1. So how many residues does region 183-232 have that are of a type outside the set (Gly, Ala, Ser) and either touching a His at 6+ places or on another chain (Cβ under 8 Å) or within 25 Å of Asp251 (Cβ to Cβ) (or both)?
2. Taking the residues in region 173-204 that are in a loop (DSSP other than H, G, I, E, B) and either under 13 Å from Val147 (Cα atoms) or not polar (S, T, N, Q) (or both) as candidates, determine which candidate is most open to solvent (accessible area, probe 1.4 Å).
3. What residue, among those in region 229-244 that are aliphatic (A, V, I, L, M), under 17 Å from the mean Cα position of the chain (by Cα) and open to solvent by 30 Å² or more (accessible area, probe 1.4 Å), is farthest from His145 (Cα to Cα)?
4. Of the residues Asp86, Asp101, only one is at pLDDT 85 or above, acidic (Asp, Glu), open to solvent by 60 Å² or more (accessible area, probe 1.4 Å) and under 18 Å from the mean Cα position of the chain (by Cα); which?
5. Filter region 205-228 down to the residues that are in a helix (DSSP H, G or I), of a type outside the set (D, E, K, R) and either more than 20 Å from Pro146 (Cα to Cα) or open to solvent by 70 Å² or more (accessible area, probe 1.4 Å) (or both) and list them by number.
6. Of everything in region 149-167 that's touching a residue at least 60 places away in the same chain (Cβ under 8 Å) and open to solvent by 50 Å² or more (accessible area, probe 1.4 Å), which residue is nearest to Glu216 (Cα to Cα)?
7. From Gly70, Gly114, grab the single residue that is assigned to a loop (DSSP other than H, G, I, E, B), over 26 Å from Ala181 (Cβ atoms) and at pLDDT 85 or above.
8. Please go through region 59-76 and pick out each residue that is in contact (Cβ under 8 Å) with a residue 12 or more places away in the chain and open to solvent by 60 Å² or more (accessible area, probe 1.4 Å).
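The values are calculated or read from the model by the stated rules, or taken from the named source; none is laboratory data. Please read all numbers here as calculations on a predicted model, not as lab measurements. Cβ coordinates were reconstructed from backbone atoms using ideal geometry, including for glycine residues, and neighbour counts include every protein chain displayed. We work out accessible area using only protein heavy atoms, side chains counted, and drop any ligands, DNA or RNA first. Shrake-Rupley method; radii C 1.70, N 1.55, O 1.52, S 1.80 Å.
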Amino acid sequence: MATEQPPPENEQPIKYGDVFFVSDQVANKPILPEDAAAMEAGERAVLGQSPLFGPASIMKYAASINVESGHVGPNSISNEGVKVTDSDMNGIRVVTESVNDEVVGQYVEPDFTGVSVGHGAPTLDRESITIGEALEAVALSAGDHPVDSADAAAIEAAEKRALGVDTLPKGGLGEEAHQAAEFNAKILQVEIRTTMDDILRDASEKLLADKAVTQEDARAILEAEAQNDPAHAVTAGGVGEMMSAAANINDPHS
């Protein structure tokens, strides 16, 4: 009768510290299928979806490798306290994903009620979300995402809509985003690629003018992003999605 062979001694399971910035208390624990499933269930319950490359996606991939390598069982009992919660911070819904109370992911959903507008639009209704504010929200919701050509096209479209122009301004957000996308396409090391946060964290200050996001703005920006993506998809929590959410909040009856 064949006996089960133990994992090779020189191999280690994928642990939380291998994929997330967490303390040693959590870092040395292997990622289990039950934890990944719990995180995915939490994301779907709170976010309505499980984001691509989000914590649950990463954990599922790591857990599957751990099971295949024999380091953990497919039905290992978990005690890691996986949680997905949401809270309101000054009118912005913040979704936090944690393992043993240590944050492994965070998303911002623009609920923006009561958030003040950017300096470029002093006459706007103070409950309206501006294009600059929505771009800054992208820096939080998809800040680690490396800028690609579709993102750059969406940022360009957003800047044009904010300024009310048809040509790309020199030295603006759009130009910066296109340069970042070109740079990223040539770089293999993910850790040195230019991210959405690098470009958009101070978007309101970088825009020469700003305006409240309308449904027409959102459609144009989503279209620009999808048309420039090989799969005609948009980035989860990216420019198109955030503009659409902002437009729905600004004009919920449209």
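1. Within region 183-232, the first condition is being of a type outside the set (Gly, Ala, Ser), and the residues that meet it are 183-184, 186-202, 205-208, 210-211, 213-217, 219, 221-223, 225, 227-230, 232.
If we keep only those that are either touching a His at 6+ places or on another chain (Cβ under 8 Å) or within 25 Å of Asp251 (Cβ to Cβ) (or both) too, we end up with 195-196, 200, 205, 207-208, 210-211, 213-217, 219, 221-223, 225, 227.
Of the residues in that region, 19 qualify.
2. Let us first name the residues in region 173-204 that are in a loop (DSSP other than H, G, I, E, B), namely 187-189, 193-194, 201-202.
Filter once more, keeping what is either under 13 Å from Val147 (Cα atoms) or not polar (S, T, N, Q) (or both): 187-188, 193-194, 201-202.
Numbers: Ile187: 32, Leu188: 154, Arg193: 68, Thr194: 33, Arg201: 114, Asp202: 65 Å².
Looking at residues that are in a loop (DSSP other than H, G, I, E, B) and either under 13 Å from Val147 (Cα atoms) or not polar (S, T, N, Q) (or both), I get Leu188.
3. Checking each candidate, the answer is Ala233.
4. The match here is Asp86.
5. Answer for region 205-228, where residues must be in a helix (DSSP H, G or I), of a type outside the set (D, E, K, R) and either more than 20 Å from Pro146 (Cα to Cα) or open to solvent by 70 Å² or more (accessible area, probe 1.4 Å) (or both): Gln215, Ala218, Ala220, Gln227.
6. My answer is Arg161.
7. Sole residue among the options that is assigned to a loop (DSSP other than H, G, I, E, B), over 26 Å from Ala181 (Cβ atoms) and at pLDDT 85 or above: Gly70.
8. Lys60, Pro74, Asn75
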